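Report on the following structure.
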Amino acid sequence: MHWSMNTLPLTPYMELGVHSLSGLLWTLLLLFLWHCYRMGSDLPIPGHAHAGKLKSSSRRSMMSRSGSCIGTKCSARSKLSRSDQISPFISMETVEDDEQGQGYLTPVLSHALFPAQASAEAKKLYTALQQYAKRYSWVGMGRIHKGLREQVRLNDHSAIQKPHLFFLPDVPSVPFFPRDAHRHDIEVLEANYPAILAEFQAVYQKGIDSKLGWTCGQAVFPLYSAGVSVAGNCRACPCTYRTLLSLRTFINSNSLGSAGFWLLGPGATLGSTYGPTNTRLRCHLLQTPPLCELVVGGEPQCWSEGHCLLVDDSFLHTVSHKVILSVDLWHPNVAAAERQALDFMFSPDL
């Protein structure tokens with residue numbers, strides 16, 4: 001019997017033709033290569049640790065390996081203390097410490113992280129950093145961890161820049177910063193200078209009295225003190241308060257940040273001192289009386305009335321005769337993750 005090709009039941013791929021079948025095969029090949037690439041990229045590199053939290057599957061595998069050593073003679077891993085056994089749950093940064101040849105984050109194998117002479121404040125800050133890392137992540141905490149380890153050594157040496165509370169390493173620092181460091185916030189403050197000055201004059205004319213919201217001694221009218229707003233003073237200066245809230249980098253969530261009017265009378269001088277941290281810049285919006293002087297890190301600076309001046313007060317500084325609005329802004333080289341961690345560590349509630 002004679003059969004014709006037209007009578008055979010062809011599959012859909014045969015109907016599509018040779019070109020379509022070839023394209024399907026190429027697609028499957030590409031998908032297979034992509035799958036192999038993804039599987040290979042997920043494999044850990046020997047001697048390196050992933051930044052960020054360890055995956056739950058890695059945790060289970062490490063725990064199962066440690067559990068298999070029970071009842072037998074295992075390698076040195078079985079000799080780890082209890083604190084060592086939880087170290088896989090703490091991820092480590094891979095950034096190198098040039099001075100000590102160690103990573104920014106070393107495994108926390110014991111509670112003896114700080115030297116014996118470490119202050120109670122330094123230990124409290126490290127405890128707060130641990131709490132933050134448990135709640136969020138160690139990712140991005142390298143410089144903060146390094147700064148806490150080296151704070152004691154920094155306080156033991158004389159230097160022109162020596163913040164007494166917390167020093168963040170590897171932050172470019174100069175006594176005075178250019179306007180471009182915080183152009184938006186500076187332009188907002190300067191645009192509202194006439195209204196801010198009028199509100200200062202109004203509260204000043206009522207008298208410098210603690211019952212009127214002033215902090216006597218240095219004659220400060222605080223709007224924010226250690227990250228907490230002073231409600232009565234903010235109501236007395238509504239335009240200044242709204243201006244502060246419109247700033248992008250104002251430190252208003254932790255005890256490192258403050259804002260308010262500072263008055264230092266003629267002939268008065270604020271002696272040489274260091275600010276608490278190098279993670280902030282202090283912005284001065286000035287009404288400049290005669291004989292005003294500001295020396296930061298041995299470098300004098302001229303003031304201009306109605307214009308902002310950005311100062312890193314972690315440098316040794318001296319001030320003579322001033323009338324200013326002082327606002328604490330984040331240092332431009334402090335990353336967003338570090339800001340969030342510092343907000344947590346220096347929270348007014350802790």
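The values are calculated or read from the model by the stated rules, or taken from the named source; none is laboratory data. Not measured: the values here are computed from a predicted model. We place every Cβ from the backbone using ideal geometry, glycine too, and count neighbours over all the protein chains shown. Areas reflect the complete protein model, heavy atoms only, side chains present, ligands, DNA and RNA absent. Shrake-Rupley method; radii C 1.70, N 1.55, O 1.52, S 1.80 Å.
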Ile186 being surrounded by 19 or more Cβ atoms within 10 Å (Cβ to Cβ), among the aliphatic types (A, V, I, L, M) and touching a residue at least 12 places away in the same chain (Cβ under 8 Å): yes
Flag if Thr249 is more than 23 Å from Leu342 (Cβ to Cβ), surrounded by 17 or more Cβ atoms within 10 Å (Cβ to Cβ) and touching a helix residue (DSSP H, G or I) at 6+ places or on another chain (Cβ under 7 Å): no
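This table checks each residue for (1) under 30 Å from the mean Cα position of the chain (by Cα); (2) among the hydroxyl-bearing types (Ser, Thr, Tyr).
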position	(1), (2)
Pro175	yes, no
Arg179	yes, no
Asp185	yes, no
Ala202	no, no
Gln205	no, no
Ser210	no, yes
Asn233	yes, no
Leu245	yes, no
Segment 177-231, subset in contact with a Cys (Cβ under 9 Å, 6 or more places away or on another chain) and among the polar types (S, T, N, Q), residue nearest to Phe250 (Cα to Cα): Asn192
Which listed residue, of Val327, Val334, is in a loop (DSSP other than H, G, I, E, B) and either open to solvent by 40 Å² or more (accessible area, probe 1.4 Å) or at pLDDT 85 or above (or both): Val334
First in segment 291-306 and modelled with pLDDT under 80, second anywhere and open to solvent by less than 80 Å² (accessible area, probe 1.4 Å) and among the charged types (D, E, K, R), Cβ under 6 Å, 6 or more apart: Cys292/Lys322
Members of segment 293-322 that are under 14 Å from Phe177 (Cα atoms) and of a type in the set (D, E, K, R): Glu299, Asp312, Asp313
Among residues of segment 307-321, those that are modelled with pLDDT of 85 or more and either in contact with a Pro (Cβ under 6 Å, 6 or more places away or on another chain) or part of a loop (DSSP other than H, G, I, E, B) (or both), counted: 6
Any hit, segment 167-177, residues being open to solvent by less than 50 Å² (accessible area, probe 1.4 Å), at pLDDT below 90 and assigned to a helix (DSSP H, G or I): no
Count of segment 190-224 residues which are of a type in the set (D, E, K, R), surrounded by fewer than 16 Cβ atoms within 10 Å (Cβ to Cβ) and in a helix (DSSP H, G or I): 2
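Residue by residue, here is whether (1) touching a strand residue (DSSP E or B) at 6+ places or on another chain (Cβ under 9 Å); (2) β-branched (Val, Ile, Thr); (3) closer than 26 Å to Ala259 by Cα holds:
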{"position": "Arg149", "(1), (2), (3)": "no, no, no"}
{"position": "Arg153", "(1), (2), (3)": "no, no, no"}
{"position": "Lys162", "(1), (2), (3)": "yes, no, yes"}
{"position": "Pro175", "(1), (2), (3)": "yes, no, yes"}
{"position": "Asp185", "(1), (2), (3)": "yes, no, yes"}
{"position": "Val188", "(1), (2), (3)": "no, yes, yes"}
{"position": "Tyr193", "(1), (2), (3)": "yes, no, yes"}
Any hit, segment 231-242, residues being assigned to a strand (DSSP E or B) and open to solvent by 60 Å² or more (accessible area, probe 1.4 Å): no
Some residue of segment 259-267 being part of a strand (DSSP E or B), open to solvent by 50 Å² or more (accessible area, probe 1.4 Å) and modelled with pLDDT under 85: yes
